[in-house]
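Novice: Okay, handing you the structure first.
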Amino acid sequence: MLNQRLLRNLDVILIGVTALLVLISLVIIGSATHINTPSEDRYWFVQRQGLFAVANIFIVFVMLNFDYKSLERVSGFLYILNLVMLLAVMFVGHSALGAQRWIQLGPISLQPSEFSKIIMIISLAQILDKRAGKLNSFKEIIPVFIYVGIPFILVLKQPDLGTSLVFLAILFGMIFVAGVSLRHLAAIVGVGIAFLPIFWHFLKDYQKKRLTVFIDPNVDPLGSGYHIIQSKIAIGSGMLFGKGLFNGTQSQLNFLPENHTDFIFAVIGEELGFIGASLILLLYLILLYRGIKISGEARDNFGTLLAAGITSMIAFHLLVNVGMTAGIMPVTGIPLPLMSYGVSALTTNLISIGILLNIYMRRQKILF
């Protein structure tokens with residue numbers, strides 16, 4: 001069991017914000033799905049998400065009993081496991097919505113690329129911990145990019161452009177905290193921009209279409225642009241106070257695709273309005289603030305890097321998902337943290353929160 005002095009160091013604000021977001025998500029998922037499922041299974045999605053939320057809370061509690069530094073010792077094993085899982089998807093995974101990203105384990109479909117995010121943060125933190133303060137030459141930086149580049153390519157091959165971009169957000173957030181030279185960082189970004197035309201040729205046709213309709217959704221209003229158009233209609237129609245829970249027309253009448261997963265923020269905008277959406281965004285800002293604070297107060301570099309990676313991941317998810325539903329970002333299939341329906345994403349997010357709590361409660365050396 002946890003030491004009483006450690007328990008007193010728990011971040012109650014982070015716990016409270018996380019609990020609120022999960023509870024709100026269950027209500028929104030119920031609102032988004034109840035009308036389009038048979039009466040006997042009307043709240044199947046809510047029950048399933050709630051069940052896994054409870055299971056993950058138990059996992060987080062178990063995690064708190066172990067010092068987060070133990071993750072550093074197994075980071076190499078986790079990195080290899082990550083590559084094995086991503087390779088397994090290519091050979092034994094099953095496809096959905098044009099991508100091969102899932103592995104079926106009995107009644108549960110797991111998405112290894114979701115778990116690979118947190119594994120990437122842990123293993124990258126261990127690598128950067130050794131290089132902290134030394135990232136002032138390309139000789140030190142390039143091996144780090146290769147280290148992240150291998151799982152990045154495997155995820156991109158699924159294809160899963162959204163998750164592969166999350167890897168980049170994690171990488172840049174963590175190397176910035178690790179002390180990379182801004183001059184080198186600018187050079188890397190410049191090279192990346194220069195290679196964008198080449199990168200374009202490696203995208204699937206549907207991915208190119210998504211980027212094209214981002215500029216003008218009306219180019220294909222009944223195809224690739226349909227999601228963005230319906231999402232903007234939903235958010236706009238919510239106006240200031242929204243239409244009320246279970247009363248949204250775009251989501252309830254099935255105009256809005258993926259309304260309980262990638263486009264759940266559009267449901268929030270339609271049913272809770274600008275006020276409700278703003279309050280939920282405020283909860284996310286508090287969560288990100290706690291992540292930054294935990295990173296700054298960690299007792300060692302490894303903890304600082306872990307918290308920075310997790311905060312970068314959540315911030316990128318939030319920025320891209322909300323931007324996507326509002327039509328100011330391309331559609332990339334990135335879920336809203338702790339809000340979108342999905343067992344793998346929920347597990348990854350709650351484990352990430354558990355690691356943040358672990359770092360914060362052990363920010364001071366405690367004598368036993």
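Novice: Test PHE199 against the stated conditions and say whether it is within 24 Å of the chain's Cα centre (by Cα) and closer than 15 Å to VAL331 by Cα.
Specialist: no
Novice: So which residues in segment 275-296 are over 19 Å from VAL320 (Cβ atoms), among the β-branched types (Val, Ile, Thr) and open to solvent by less than 20 Å² (accessible area, probe 1.4 Å)?
Specialist: Passing the criteria: only ILE294.
Novice: Okay, next question. How many residues does segment 327-368 contain that are part of a helix (DSSP H, G or I), small (Gly, Ala, Ser) and at pLDDT 90 or above?
Specialist: Final tally of qualifying residues: 3.
Novice: Sticking with this structure for a sec: Filter segment 16-47 down to the residues that are at pLDDT 85 or above and surrounded by fewer than 16 Cβ atoms within 10 Å (Cβ to Cβ) and list them by number.
Specialist: Once the filter is applied, which keeps residues that are at pLDDT 85 or above and surrounded by fewer than 16 Cβ atoms within 10 Å (Cβ to Cβ), segment 16-47 yields GLY16, ALA19, LEU23, VAL27, TRP44, GLN47.
Novice: Still on this structure, please answer the following. So which of MET329, MET339 is closer than 22 Å to HIS260 by Cβ, open to solvent by 10 Å² or more (accessible area, probe 1.4 Å) and not β-branched (Val, Ile, Thr)?
Specialist: Matching residue, one of MET329, MET339: MET329.
Novice: Which residues, taken from segment 1-15, are open to solvent by 30 Å² or more (accessible area, probe 1.4 Å) and part of a loop (DSSP other than H, G, I, E, B)?
Specialist: Of everything in segment 1-15, those that are open to solvent by 30 Å² or more (accessible area, probe 1.4 Å) and part of a loop (DSSP other than H, G, I, E, B) turn out to be MET1, ASN3, ARG8, LEU10.
Novice: As an exercise: evaluate VAL144 against (1) open to solvent by 10 Å² or more (accessible area, probe 1.4 Å); (2) at negative phi and give the number of the one condition it does not meet.
Specialist: Every listed condition holds for VAL144 apart from (1).
The values are calculated or read from the model by the stated rules, or taken from the named source; none is laboratory data. Everything numeric here is computed off the predicted structure, so don't read it as measured data. Methodologically, a virtual Cβ is constructed for each residue, glycine included, from the backbone with ideal geometry; neighbour enumeration extends over all protein chains shown. Just so you know, the surface numbers come from the protein's heavy atoms only, side chains and all, with ligands and any DNA or RNA stripped out. Shrake-Rupley method; radii C 1.70, N 1.55, O 1.52, S 1.80 Å.
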